[in-house]
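Okay, handing you the structure first.
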Amino acid sequence: MIFFVGIIDWTTGEHARRLDLWSRLSAEGDASGLAPDAVRALGLYRGQAGIFFDGQADWARDAPGRVALTLLNTGKTYADSIVGDRLEYHYPSTNRPPAFDRNEIESVKRAQSLGLPLFVLVNNAYKAALKDVRLGYVDTYDDDAEAFFITLVDAVLPLAAAEQLPETEDDIELFGGLPKQTLRLVQQRNQQRRFKTDVLIRYGSQCALCDIDVPRLIQGAHLIPKSIGGADHAQNGLPLCLNHHTAFDAFLLVIETDGSGITYAPGVSKESLRVTRDDLTHLRAAPSKRALRQYNSSPAAKAARAAWV
Ligand SMILES: [Zn+2]
């Protein structure tokens, strides 16, 4: 008897498997500096090709054709470079029989149509023999330029609704491109990162409230939150370290509309929050007064301040 697993069921299972794999990798903080043996043990990569699909693995059984799992980015080809969170990955062009390259390219397109993330292996910055694992979604590709454009993300995004997924192998061709829901999420991540970049360009990379000046520890904090329509515009933002971003969002402190002072909630102080500034006048650009006013007069801010007294 032939037992047929539908594409949607297969994709749901494979999405869960990749999610689990990524949770395990990132939870232990060991998605970086993996020895080749560890990479093989995880089933992430084996062999020589740049694009990896494991035809012998359990997960590949019942798959709708080859669905790529891992891309190897050695950085040997200068064009295959990661800039920020974007990876431009060139189609393989090897001396093997042409079908090899073609199958690999198709397997990446199939992962994209199914809305599945790919693992990207890059050389560890300190030891090239070790690999770091990144996670990415193919948001577009260009057959003329022979390249995939991949957005690197920090978490597996939810799988698109069944009606956005192809049901048959023929559909996969018709459904070319990431499912709309997934594409929207990928673009949102891009936008968040662009916002942080814009904020850092406008104000510098130092926390507006303390001396931390390490870009990885600085976030673009929205003044008017996105949830109530705040724009991804640098004037609606401030560079804040993780602690001060949390303190700001929790109304442990309130910044005067004109940036001329900071008020603290009862129980905390400038000292206890390790704030080193008295105001925002040191910033090379001022945030929007309107945005600060709107933030300070938002229902959430009013409720928080009412609880102060
Ligand atoms: Zn800070």
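The values are calculated or read from the model by the stated rules, or taken from the named source; none is laboratory data. Computed from a prediction, not measured in an experiment: that's the story for all the values here. Note: ideal-geometry Cβ built from the backbone for every residue, glycine included; neighbour counts use all protein chains shown.
Assuming Leu42 fulfils every condition listed in (1) over 30 Å from Leu174 (Cα atoms); (2) exposed (fewer than 14 other Cβ atoms within 10 Å of the Cβ) apart from one, which condition is it?
(2)
Separate question: So for the stretch 210-223 (the condition being away from the ligand (no atom under 13 Å from the Cβ), closer than 29 Å to Thr11 by Cα and either of a type in the set (A, V, I, L, M) or under 20 Å from the mean Cα position of the chain (by Cα) (or both)), does at least one residue qualify?
no
One residue is enough: does the stretch 277-291 have a residue meeting the conditions within 14 Å of the ligand (Cβ to nearest atom) and among the basic types (Lys, Arg)?
Checked against the condition, which is being within 14 Å of the ligand (Cβ to nearest atom) and among the basic types (Lys, Arg), the stretch 277-291 yields at least one hit.
List every residue pair whose Cβ atoms sit under 6 Å apart, with the two residues 6 or more apart in sequence or on different chains, where the first one lies in the stretch 233-260 and is in the same structural domain as Leu292 (by TED's automatic domain parsing) and the second, anywhere, is more than 16 Å from the ligand (Cβ to nearest atom) and β-branched (Val, Ile, Thr).
Partner pairs satisfying both residue conditions: Asn236/Ile224; Val254/Thr263.
Working carefully through the options Asp139, Asp132, Asp171, find the one that is surrounded by 13 or more Cβ atoms within 10 Å (Cβ to Cβ), within 22 Å of Asp232 (Cβ to Cβ) and of a type in the set (Asp, Glu).
None of the other options fit; the residue is Asp139.
Let's see how each residue does on (1) outside the structural domain of Ser32 (by TED's automatic domain parsing); (2) within 25 Å of the chain's Cα centre (by Cα); (3) touching a residue at least 24 places away in the same chain (Cβ under 8 Å):
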| site | (1), (2), (3) |
| --- | --- |
| Ala68 | no, yes, yes |
| Arg96 | no, no, no |
| Ser113 | no, yes, yes |
| Ala125 | no, yes, no |
| Asp132 | no, yes, yes |
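Here are Thr151, Thr182: which of them is buried (at least 21 other Cβ atoms within 10 Å of the Cβ), on the phi < 0 side of the Ramachandran plot, modelled with pLDDT of 90 or more and out of contact with any Lys or Arg (no Cβ under 8 Å at 6 or more places or on another chain)?
After ruling out the rest, the residue left standing is Thr182.
Can you find a residue in the stretch 196-203 that is within 23 Å of the chain's Cα centre (by Cα), in the same structural domain as Leu19 (by TED's automatic domain parsing) and farther than 17 Å from His282 by Cα?
Checking the stretch 196-203: not a single residue is within 23 Å of the chain's Cα centre (by Cα), in the same structural domain as Leu19 (by TED's automatic domain parsing) and farther than 17 Å from His282 by Cα.
While we're on this one: Determine which member of the set Leu253, Leu240, Leu223, Leu209 is among the aliphatic types (A, V, I, L, M), over 23 Å from Leu19 (Cα atoms) and surrounded by fewer than 19 Cβ atoms within 10 Å (Cβ to Cβ).
Leu253
Is it the case that the stretch 225-237 has a residue that's within 16 Å of the ligand (Cβ to nearest atom) and either of a type outside the set (Phe, Trp, Tyr) or within 22 Å of the chain's Cα centre (by Cα) (or both)?
Yes - at least one qualifying residue is present in the stretch 225-237.
Within the bounds of the stretch 245-265, is there any residue that is within 16 Å of the ligand (Cβ to nearest atom), under 26 Å from Gly84 (Cα atoms) and touching a helix residue (DSSP H, G or I) at 6+ places or on another chain (Cβ under 9 Å)?
The answer is no, given that none of the residues of the stretch 245-265 is within 16 Å of the ligand (Cβ to nearest atom), under 26 Å from Gly84 (Cα atoms) and touching a helix residue (DSSP H, G or I) at 6+ places or on another chain (Cβ under 9 Å).
Continuing with this model, one more query. Given the conditions (1) at pLDDT below 90; (2) more than 23 Å from Ala162 (Cβ to Cβ), which single one is not true for Phe3?
Phe3 satisfies every listed condition except (2).
Now a separate question. What residue, of Gln181, Gln164, Gln206, is within 13 Å of the ligand (Cβ to nearest atom), over 19 Å from Gln294 (Cβ atoms) and either outside the structural domain of Arg110 (by TED's automatic domain parsing) or touching a residue at least 12 places away in the same chain (Cβ under 8 Å) (or both)?
Gln206
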